[in-house]
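The values are calculated or read from the model by the stated rules, or taken from the named source; none is laboratory data. Treat the numbers as computed from the prediction; the structure is a model and nothing was measured. Cβ sites come from the backbone with ideal geometry, for glycine too, and all protein chains shown count toward neighbours. These accessible areas exclude ligands, DNA and RNA; they are computed on the full protein's heavy atoms, side chains included. Shrake-Rupley method; radii C 1.70, N 1.55, O 1.52, S 1.80 Å.
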Amino acid sequence: MGLLRYTLWRLAQAIPVLIGIITITFFLANQIPGDPVEIMLGPSPAQEQVEAIRARYGLDRPAYQRFLTYLAGVATGDLGQSIYYDRPVLEMILLRLPVTLYLTVSAFIFAIVTAIPLGVISAKRRNKPADHVSRIVSLIGVSTPSFWIGLMLIIVFAFYLGWFPARGLPLPWASPADIRGAETQLQVVRTSLYHLAMPMVALGTLQMAQITRIERSSMVESLQGEYVKLARAYGVSESKIVRKHAFQVAQLPVITIVGLGLSTALGGAVLTETVFEIQGMGRLIITAINNQDYELIMGTTFMFGVAFVIGVIITDVAYAYIDPRVAYGDES
Amino acid sequence: MTEPLLSVRDLKTQFFTEDGTVRAVDGISFDVYEGEIVGLVGESGAGKSVATSSILRLVDSPGEIVGGEIEFKGETIFGLEEGDAGELRPRDEMLTETQMRKRIRGREIAIIFQDPMESLNPVFTVGGQLREFIEINRDLDPAEAKEEAIDMLREVGIPAPESRYDEYPHQFSGGMRQRVLIAMALACQPDLIIADEPTTALDVTVEGEILEMVTALQEKYDTSFIWVTHDMSVVAEICDRVNVMYLGEIIEQAEVDDLFYDTKHPYTSALLDSMPRPDKTVDELRPIEGVMPEAINPPSGCRFHSRCPEAREVCREVHPDLRDLSDEGEATHTGACVKHDAFDVGYGDSPAIETETGSGFSAGLTETGGEAE
Ligand code: SF4
């Protein structure tokens, strides 16, 4: 089937992109001034100690050798050893990634579920009060940084009202034993959702605003299309025109924005995790940079790169699925 | 003659813009009888498309039908009456928006749009779109509608309709898409089809094929057509009767032969002169001079006077209405030009006026019959 082959083809194309990402991160990370060993051992350490550590982490070898070793490692699923945590990088990532994914995916679902109806209503009632309200809200949404929204939410809903907890984000599938005050799995899920609410809104608002705006303009354009006129002239009801004829065409640019938003959201997650003290990828990458933990910097950046590439591929495949004009690789 | 299928009386459609009111259709009247192809001719901007969307009551905002009457098979598509306080309000028998949608659009009056590239929805299959409209307008279930759709595609000359049914619009050429749109209109079995410049976007060969096909199918199904075009050669090929529009008004109405061989209005003559004909050389082709003025502020008197080679002073003052100019015993032929005797306003004694386009070059062009080029 065309779509499957197209998907595989796009996946294959991702490999050189990922190699590019690794190369750039490797050499950039090595350009950061300072020395991880120094940070690790404190000021004026003994010379033998320094050399021992350098040898242990392979830092005494020239950069190109280390690069090739690293590349070979990545190919076999070994992202190296974190100097700071003294654990394999992959282990650290797998420990932190679920929280970040949980946060980002929730934020996205929140954004899409609210933005699409808002955008459609806005387009349908173009230049009427409902449209103005939604446009102002989304304008504020795109121009407000997520960390600021996060801080405001904490001040109002955690500090003054005390409705939601301000710190941490337990996973819904965590064991009840690890969560304070929870005995059953259901309670864990509830606690988790309580913790999720504010960071989800903080992170999702920007996406919501962006998607609303693009959905609106795309629907406005689509509703003026000749095919909409044709459907009207053949007696199709207005609600069906909005739901079917105009809607499906209008989703093409929306998909692009959602796909690109995925990487913006991951970037936003770094800030949101800091504000809400969530132990996710964002905190991990900051720790890595602060401690010049080369392998960890490269590993986390690589993971972000992978997430970005996956986002793009999902976008392309969804696009090809909705728009028959996108030529699949085998038809061009 | 019998009752007309469609009767339009003094239709006025206006657009309320920031710059003022655009009188896109300014009091036109015409009839369409069963089984005939009626032409609606004029340059772009004459108000032809607004007139046809008015018939379906699908004028885009900020446009609005402000006056006149549209009757179709005894039903009132549009009609106003004076209320108690002297205000105008829709008559009781005027169809509601829902009735228009369910009973008229597609089912009784179908439309073929100008641009076959844009009219089909790019994300649905051609067959799916056809089937949907057939289902709605003929109360068929999906399987029957699909069968009907495939039959119709075959009828309009699309090869291998069973397999093309599942293809998307971008896999069809422009001519093929126009055939699909024609199939769509015919498949709903309406009594009237409005064809809004359906061949303008196509090349001449394809246009010829499509006109031929439409003529054949029109005879077979006995559907009436309103054929909107700016091209007199298309009119000659398929129309029975013709309405010529200029700036929101109909300025000449006649059977097609009378219009061509006994032209009454200078604008119609100009249109005819600008059209390639086998009995004329290219040198004799004369484009119409000047551009049509804006409908927002139409010229006084005869609206064509700024471009009319026969304009006289009186044309600036008198606004000619459409009058019967036919000789006794002939089919009705009406025109709106004061040079005819039916208008006793002193055209003969009135001095000629310099037309707007009479800036040496084009005035010379008019007199000498097209030296330039
Ligand atoms: S009324 Fe006068 S200006 Fe108008 S078409 Fe006739 S001659 Fe020309």
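Observations on the model:
- Inter-chain neighbour count for A:222-230: the average number of beta-carbon atoms from partner chains within 10 Å of each residue's beta-carbon is 5.
- Computed from Cα positions, the angle between helix B:142-155 and the longest principal axis of chain B comes to roughly 50 degrees.
- Folded to 0 to 90 degrees: helix A:294-322 orientation relative to chain A principal axis, Cα: 20 degrees
- Cα-based helix-to-principal-axis angle, A:2-31 vs chain A, degrees rounded to 10: 40 degrees
- Counts of other chain beta carbons within 10 angstrom of each beta carbon in peptide A:234-242 average 5.
- When a 1.4 Å probe is rolled over the protein heavy atoms, the share of accessible surface on chain B that falls to carbon and sulfur comes to 46 percent.
- Across the cross-link table entries A:Lys244/B:Lys73; B:Lys73/B:Lys339; A:Lys124/B:Lys220; A:Lys229/B:Lys146, which are compared at the Cα atoms, the separations over 30 Å belong to A:Lys244/B:Lys73; B:Lys73/B:Lys339; A:Lys124/B:Lys220.
- Only Lys, Arg (+1) and Asp, Glu (-1) charged, at Cβ; the range A:1-106 dipole about Cα centre in debye: 560 debye
- Take the Cα of A:Asp86, go 7 Å toward its beta carbon, and the backbone nitrogen atoms of the range A:278-296 under 18 Å from that spot belong to A:288, A:291-296.
- Accessible surface buried once B binds A (1.4 Å probe; total of both sides; Å²): 2200 Å²
- Heavy-atom accessible area for B:His340, with the other protein chains in place and a 1.4 Å probe, reaches approximately 40 Å².
- Computed [θ] at 222 nm, deg cm²/dmol, chain A (DSSP H ≥ 4; -39,500 (n - 2.57); rounded to nearest 500): -24000 deg cm²/dmol
- Restricting attention to the protein assembly as shown, close to 65% of DSSP beta bridges with both partner residues there are antiparallel.
- Within chain B, helix-based [θ] at 222 nm, where runs of 4 or more DSSP H residues each add -39,500 (n - 2.57), nearest 500: -8500 deg cm²/dmol
- Between the beta carbons of B:Arg9 and A:His132, assuming R0 = 41 Å, the FRET efficiency works out to 0.50 to the nearest 0.05.
- Efficiency of FRET from Cβ geometry, B:Gln189 and B:Ala352, R₀ 45 Å, rounded to 0.05: 0.25
- Calculated FRET value between A:Leu151 and A:Ser237, using beta carbons and R₀ = 51 Å, to 0.05: 0.65
- Residue separation of A:Ala75 and A:Ile313 scaled by 0.36 nm, minus their Cα-Cα distance, works out to 83.6 nm of gained length.
- Spin-label model, B:Val66 to A:Phe67: label points 7 Å out along the Cα-to-beta-carbon direction sit 7.4 nm apart.
- Normalising the average separation of contacting C-alpha pairs (under 8 angstrom, six or more residues apart) by the number of residues puts the relative contact order of the range B:183-283 at 21 percent.
- Within the range B:53-82: backbone nitrogen closer than 18 Å to the B:Thr200 label point (7 Å, Cα to C-beta): B:53-56, B:58-60
- Contour minus Cα-Cα distance for A:Thr184 and A:Val142 (0.36 nm per residue): 11.2 nm
- Label zone at B:Asp19, where the point sits 7 Å out along the Cα-to-Cβ direction: the range B:288-304 residues whose backbone N lies under 11 Å: B:294-297
- Distance (nanometres) between label positions extended 7 Å along Cα→Cβ at A:Ile32 and B:Arg91: 8.3 nm
- Mean separation of Cα contacts under 8 Å, 6 or more apart, over the residue count of the range A:96-290: relative contact order %: 33 percent
- Take A:Asp293: with every protein chain present and a 1.4 Å probe, its accessible area is about 0 Å².
- Solvent-accessible area of B:Cys239, all protein chains in place: 10 Å² (probe radius 1.4 Å, heavy atoms, ligands and nucleic acids excluded).
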